[in-house]
Amino acid sequence: MKILRLILGDQLNHKHSWYDQPESDVIYFMAEMRQETDYVMHHIQKVVAFFESMQNFAKYLREREHNVIYFGINDDNNEQDLAKNLSQLIKNNQIEKFEYQLPDEYRLDEQLKAFCKDIDIPSEVYDTEHFLTSRNDLENFYKGKKQFTMEYFYRDMRKKYDILMLNAKDPEGGKWNFDKSNRDKWKGKPEIPHERGFRKDVSDTLKEIEEAGIKTFGNINTKSFNWPTSREDALAVLNYFCKNLLVHFGDYQDAMDPEEAYLYHSRLSFAMNSKMLHPREVIHSVIDYWRDHQDKIDISQVEGFVRQILGWREYMRGIYWMKMPGYAEKNSLDNHNPLPDFYWTAETKMNCLHHAIKQSLDHAYAHHIQRLMITGNYALLTQTDPKEVDAWYLGIYIDAIEWVEITNTRGMSQYADGGLVATKPYVSSGSYIHKMSNYCGDCTYSVTKKDGENACPFNSLYWNFLDDKREYFKGNQRMKLMMSILDKKDRNQLESLKNRAYDIINHPEKY
Ligand code: FAD
Ligand code: SF4
């Protein structure tokens, strides 16, 4: 039976059972398509990274004698639409069965289900063999519960996979969570190792993208491309992380610095989200390295890292499949302001935003706290429409695929899901940013000044947000303390803070 098997751009799992042996009657199909480059405007590095990784994956399969049909973005027979391309191939190659792996995005899942209904040959869908949970495991885990606290799911995963466990029920190190020790500001020391670049030349791929006329944004250095685009590259990033960065990962996980874009973060999200690396191998490599170097590396660094992957990453995927498609429409705080233009240019006098956005435009990367407490915090405080916030996050980051982008953005960062993922909104005044970063010293604004001309904009925005959303958060126990401080504020003082906040919201170009 002649079989056509589809491999999507984020399904580059070298270890998938499909590839155990070459089969002469199986054709694998991969395609660079406008349907994928145009559903949102992407950062140029993201498009380059996906195209290069897909090309390398096709090469890998061909070297192992699999039959691969690959459509480049400018190929004549590429119809730029998944269903049209598949129909064409089925017809021209006398295909008798169509097979695909479960997509991770709702829109592709729907498209492929509809396609299979339309064709008159049988079809079969396979698991990507990538995640540690199935699409519905999280939903089953929380069945009958109102609150979906990530921590309980994480503990269950630790037990289920026997990760960092002393025995069947006790965690290694005596604690499940070392988050409290992961809160240091980085003050220029310890020095951060800097040899983790690949410096690849990607000018051919860039030329193809330009020739196709794909609209992108952001910056790129074509002679020195820095993202992993093959399994070898991805493994090198993982090794580099274990040897050089794990030692301080937890300590500086929440720290921010204008010059150090990556600090001790792993930069493994693209390799994992494109499936070049399996989360299990990442977790085991890190734990194995730690076991051999326990005299130098504390368990808190390792647990902090494992929690992100075994906990948050799987949890967000579960939330996505539990709540889509409705999740993409959620706007529980009824926010409708436009995203300020400076999100696309970094041209703002607010130093934290300038650096976090500039770095994102330059590297298609910002670490978690920059995404959450700088760009996300500002978007929420200015009551920005979550649709616009989502489009920005989905476009700008190298690792942005909807299942993990939307849950983090609408859920964790914008509270648009009404507190499903985050029990209270991640908002702060300037003082948190000052505590964790090195941005405020060089800023036009004074972080300690609450009101008046050069006062830090986050300060007035913060109190204005709490006041505007007072009714909404009335019953939220975790907001009680801040609401009681708000209640004690002098009326005139609050009025003045609100006037300034609304000037910032309505005239972002001035700030
Ligand atoms: P590290 O800090 O080294 O962490 C290790 C790994 O843990 C990451 O590679 C990632 O796979 C996983 N991880 C960490 N935090 C999370 C999280 N909250 N959810 C899921 N996985 C996590 N992550 C994406 O992969 N794609 C996105 O589109 C995305 N959008 C985000 C949007 C917002 C508003 C926020 C607040 C976070 C977002 N994240 C997203 C989560 C997180 O910021 C990134 O995974 C991380 O910054 C990637 O860099 P790193 O590989 O150096 O991560
Ligand atoms: Fe950001 Fe305010 Fe600090 Fe400036 S003073 S860097 S605007 S937090």
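Just want the answer: with Cβ charges of +1 for Lys and Arg and -1 for Asp and Glu, which residue in Ala236, His434, Gln414 is farthest toward the dipole's positive end in the chain?
His434
Which of the trypsin sites (Lys or Arg not before Pro) across region 42-136 are loop residues per DSSP, with 16 or fewer other Cβ within 10 Å?
Loop-located and lightly packed - Arg64.
When ligands, DNA and RNA are left out and all protein chains stay put, how many square angstrom of accessible area per residue does region 170-239 have with a 1.4 Å probe?
Value returned for region 170-239: 58 Å² of accessible area per residue.
Rounded to the nearest 10 degrees, what's the angle between the helix 314-323 long axis and the longest principal axis of the chain, both from Cα atoms, 0 to 90?
Helix 314-323 sits roughly 90 degrees off the main axis of the chain.
Using θ = phi - 60° and the Karplus form 6.51 cos²θ - 1.76 cosθ + 1.60, what ³J(HN,Hα) does each residue of region 437-442 get, whole Hz, x for Gly and Pro?
With coefficients 6.51, -1.76 and 1.60, one gets 10, 10, 8, 6, x, 9 Hz.
Considering the dipole of region 136-179 built from charges on the beta carbon (Lys and Arg +1, Asp and Glu -1) around the Cα centre, which of Gly173, Leu138, Tyr154 is farthest to its positive end?
Looking along the dipole axis, the top candidate is Leu138.
With every protein chain left in place, what is the accessible area of Phe71 in Å² (1.4 Å probe, nearest 10)?
So the heavy atoms of Phe71 present about 10 Å² to solvent.
Calculate how steeply helix 203-212 sits against the longest principal axis of the alpha-carbon atoms of the chain, using the helix alpha-carbon long axis, and give the answer as 0 to 90 degrees to the nearest 10.
That helix lies at roughly 90 degrees to the long axis.
How would you classify region 355-409 from its alpha-carbon gyration tensor, with a ≥ b ≥ c the square roots of the eigenvalues: rounded for a/c under 1.5, else prolate if a/b is greater than b/c, otherwise oblate?
oblate
In whole Hz, what ³J(HN,Hα) sequence does region 326-339 give by Karplus (6.51, -1.76, 1.60; θ = phi - 60°), x for Gly and Pro?
Listing the rounded values in order: x, 4, 5, 10, 5, 8, 4, 8, 6, 8, 9, 6, x, 6 Hz.
Over the Cα atoms of the chain, each weighted equally, I'd like the Debye log10 I(q)/I(0) at q = 0.05, 0.10, 0.11 Å⁻¹, rounded to two decimals.
So the normalised log intensities work out to -0.21, -0.84, -1.01.
Quick check: residue separation of Asn331 and Lys2 times 0.36 nm, minus the Cα distance between them. What number comes out in nm?
113.7 nm
Please determine, in degrees from 0 to 90 and to the nearest 10, the orientation of helix 106-118 with respect to the longest principal axis defined by the Cα atoms of the chain, where the helix direction is its Cα long axis.
Helix 106-118 sits roughly 30 degrees off the main axis of the chain.
How long is the gain from Lys185 to Thr149 if the chain were fully straight, where each residue apart is worth 0.36 nm and the alpha carbon distance is subtracted?
The Lys185-Thr149 span can extend by a further 10.2 nm.
Taking square-rooted eigenvalues a ≥ b ≥ c of the alpha carbon gyration tensor, is region 227-309 rounded, prolate or oblate, where a/c under 1.5 means rounded and, failing that, a/b exceeding b/c means prolate?
The shape class here is oblate.
Hand me the trypsin sites (Lys or Arg not before Pro) from region 263-311 located in a DSSP loop with no more than 10 other Cβ atoms within 10 Å, in residue order please.
Loop-located and lightly packed - Lys296.
Length gain on complete extension for the stretch Arg199 to His507, per 0.36 nm per residue less the alpha carbon to alpha carbon distance?
106.8 nm
Mind checking region 125-215 for GluC sites (Glu not before Pro) that DSSP puts in a loop (not H, G, I, E or B) and that have at most 11 other Cβ atoms within 10 Å?
Here the GluC sites (Glu not before Pro) that fit, given the DSSP loop and packing criteria, are Glu191, Glu195.
For n ≥ 4 DSSP H runs only, could you compute -39500 (n - 2.57) per run for the chain, divide by its residues and tell me the 222 nm figure to the nearest 500?
-11500 deg cm²/dmol
Rounded to the nearest 0.05, what FRET efficiency do Ile485 and Lys59 give with R0 = 56 Å and r taken as the Cβ-Cβ distance? Could you check?
Here the calculated transfer efficiency is 0.40.
Cα centroids of region 483-511 and region 413-457: how far apart, whole angstrom?
The two parts, judged by their Cα centres, are 14 Å apart.
Answer rounded, prolate or oblate for region 95-177, using the Cα gyration tensor with square roots of eigenvalues a ≥ b ≥ c: rounded when a/c is under 1.5, else prolate when a/b is larger than b/c, else oblate.
Judged from the Cα gyration tensor, region 95-177 comes out prolate (a/c at least 1.5, a/b above b/c).
Only bridges whose two residues both fall in the chain count here: according to DSSP, what percent of them are antiparallel, nearest 5?
Within the chain, antiparallel bridges account for around 10 percent of the total.
What percent does the relative contact order of the chain come to when contacts are Cα pairs within less than 8 Å and at least six residues apart?
Once normalised by length, the contact order is 16 percent.
The values are calculated or read from the model by the stated rules, or taken from the named source; none is laboratory data. Just so you know, these numbers come straight off a predicted model, no measurement behind them. FYI the Cβ positions are ideal-geometry reconstructions off the backbone, even for glycines, and counts take in every protein chain you see. Ligands, DNA and RNA are excluded from the accessible area calculation, which covers all protein heavy atoms including side chains. Shrake-Rupley method; radii C 1.70, N 1.55, O 1.52, S 1.80 Å.
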